[in-house]
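Comments concern the structure below.
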Amino acid sequence: MEEIENIELVFLTLENYKDLQPAIKLAYPDLPNPFWSEKHIKTLITKFPEGQIVIQVNGKVAGCALSIIVDYDDFDNHHTYNDITGNYTFNTHNIEGNVLYGIDVFIKQEFRGLRLGRRLYDHRKELCESLNLKGVAFGGRIPNYGQFKDTMTPKEYIEKVKRKEIHDPVFNFQISNDFHPVRIIKNYLDGDKASDDYAVLLEWDNIYYEKKEKKPSRKKTNVRLGLIQWQMRSYSHLDQLLQQAEYFIDSVSSYRCDFALFPEFFNAPLMAKDNHLQEHAAIKNLAQHTETIVQKFSEMAISYNINIITGSMPEVVDDRLYNVGYLCRRDGSVDRYEKLHVTPDEAKVWGMQGGNKLHTFDTDCGKIGVLICYDVEFPELGRLLANDGMDILFVPFLTDTQNGFSRVRHCAQARAIENECYVAIAGSVGNLPNVHNMDIQYAQSMVFTPCDFAFPTNGIKAEAIPNSEMILIADVDISLLRELNQFGSVKNLQDRRLDLYSLNKK
């Protein structure tokens, strides 16, 4: 497969049909002639364009998801595919209905293994929530059942799959995405011999559903943060460190986090093998791993469908040593940020230089900023990012003592209050006895909020256990920041005396 540069979800158009048609044939080789004609696709797009989604990789169609809205109460417990689709007319689509019904979802063979199907299911869930529907439902095929139909009933087959006694990639994938089986339906899809004409009715419940209709919102405002409080430990080679990093990415991704935040210099254990060298030589050797780590993190951002903030790593540019990090978005794009203020110790021991670029980054969850450790102690930087529309400030840090941690912690909380934003900080814990200048670490990862009625009274949304390896997960609501800006008890951004002072970026 070619290198992935971009992944995006777009609305299905008729222009996509020529790319979809061969994929449909390959996705359902055991069914009668492809049941999705251009006429069907046109009808779906006309009736419910928001429900027809294509996922593209490097601009090429990799898969799609089709759905309609139905009044679920109009169908009995043993409905068929013909019933739901109105015999493929889709006259059953009802904008006033209460359930989003999945008509089809598939990924082309060459793009499988990238967790693209999960993105399509996640889109359906988000669409369901934004439209205030009760849930998502669909009839799931069990094409592997045909191999066991003579020895067990469909119910027995499903139970064995759930107990992992039989592997069914389709059904396992569906339940791993929080869909629960409701009942088995006979004669669901005409001609589905591989499933012996059976299907499993699967449902996902929208816990935010309210009987009273609310105005649909397409913009994502609830953002889930995953902070990784990283344990410093010995690694014999880079692959071991990446394996540990992937473990944490997998963990926060399984909780549907939108961001994963790593600490500053989380890769420092790799310097152990160079402990016989001078400190500045050892960290320059560490910088040789940075390009590989960024590439692997970018691949994991795509694979696990999560935006990754890589903490920070040393990087040599024009023979100068910098402290930098990368934002690896789940769409495949990558951006770089720099530590602007290096500590006296970084300059003296490592010969590190301060960077010179400060800017916000657009993401699928709003604008974010990143300040590495010491940078958060300079209030001008946070204000410049806030002036540029930042909603969430991420602070990867590394501190050896409680004194150093307290400086980062209290300055980070101040940035949340004065800039009306969320601030997430993540650090490393533990000891590295075989790495000079990195002997001990102290950290407590936290998420800070402004202090007003819509937020915690102490301005702390979540906090990790001090000096323990763990992940910290917290939800933040971007819409509350908008309300704070307009209706807060105090208005730190609006009430600035710009007639007396101003702050500008050179």
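The values are calculated or read from the model by the stated rules, or taken from the named source; none is laboratory data. Quick caveat: nothing in here was measured; it's all calculated off a predicted structure. Quick reminder, even Gly has a Cβ in these numbers, built from the backbone with ideal geometry, and neighbours come from all protein chains shown.
Residue-wise test of (1) over 26 Å from the mean Cα position of the chain (by Cα); (2) at pLDDT 90 or above.
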residue: Leu120; (1), (2): no, yes
residue: Leu131; (1), (2): no, yes
residue: Tyr145; (1), (2): yes, no
residue: Arg163; (1), (2): yes, no
residue: Gln174; (1), (2): no, no
residue: Lys193; (1), (2): yes, no
residue: Leu201; (1), (2): yes, yes
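Residue check: Ser195 meets all listed conditions (1) touching a residue at least 60 places away in the same chain (Cβ under 8 Å); (2) buried (at least 21 other Cβ atoms within 10 Å of the Cβ); (3) of a type in the set (Gly, Ala, Ser) but one, namely (1).
Taken over region 448-474, the criterion of being in contact with a strand residue (DSSP E or B) (Cβ under 9 Å, 6 or more places away or on another chain) and over 22 Å from Val408 (Cα atoms) is satisfied by Ala454 alone.
If we keep just the residues of region 343-366 that are touching a helix residue (DSSP H, G or I) at 6+ places or on another chain (Cβ under 7 Å) and assigned to a loop (DSSP other than H, G, I, E, B), which is farthest from Asn437 (Cα to Cα)? Step by step, filter region 343-366, then rank; the result is Thr360.
Within region 93-114, the residues that satisfy the criterion of being assigned to a loop (DSSP other than H, G, I, E, B) and surrounded by fewer than 20 Cβ atoms within 10 Å (Cβ to Cβ) are Asn94, Ile95, Glu96, Gly97, Asn98, Arg112, Gly113. Here Asp83 passes the criteria (1) assigned to a helix (DSSP H, G or I); (2) in contact (Cβ under 8 Å) with a residue 12 or more places away in the chain except the one numbered (2).
Taken over region 143-170, the criterion of being basic (Lys, Arg) and either without any contact (Cβ under 8 Å) to a residue 12 or more places away in the chain or more than 15 Å from Lys186 (Cβ to Cβ) (or both) is satisfied by Lys160, Lys162, Arg163, Lys164.
Where helices (runs of 4 or more DSSP H) sit wholly within region 219-319, those with at least 1 residues that are under 25 Å from Val57 (Cβ atoms) and either free of Cβ contacts under 8 Å to residues at least 40 places away in the same chain or out of contact with any Asp or Glu (no Cβ under 9 Å at 6 or more places or on another chain) (or both) occupy 238-254, 290-303. Any residue at all in region 455-467 that's in contact with a Phe, Trp or Tyr (Cβ under 8 Å, 6 or more places away or on another chain) and outside any loop (DSSP other than H, G, I, E, B)? For region 455-467, residues in contact with a Phe, Trp or Tyr (Cβ under 8 Å, 6 or more places away or on another chain) and outside any loop (DSSP other than H, G, I, E, B): present.
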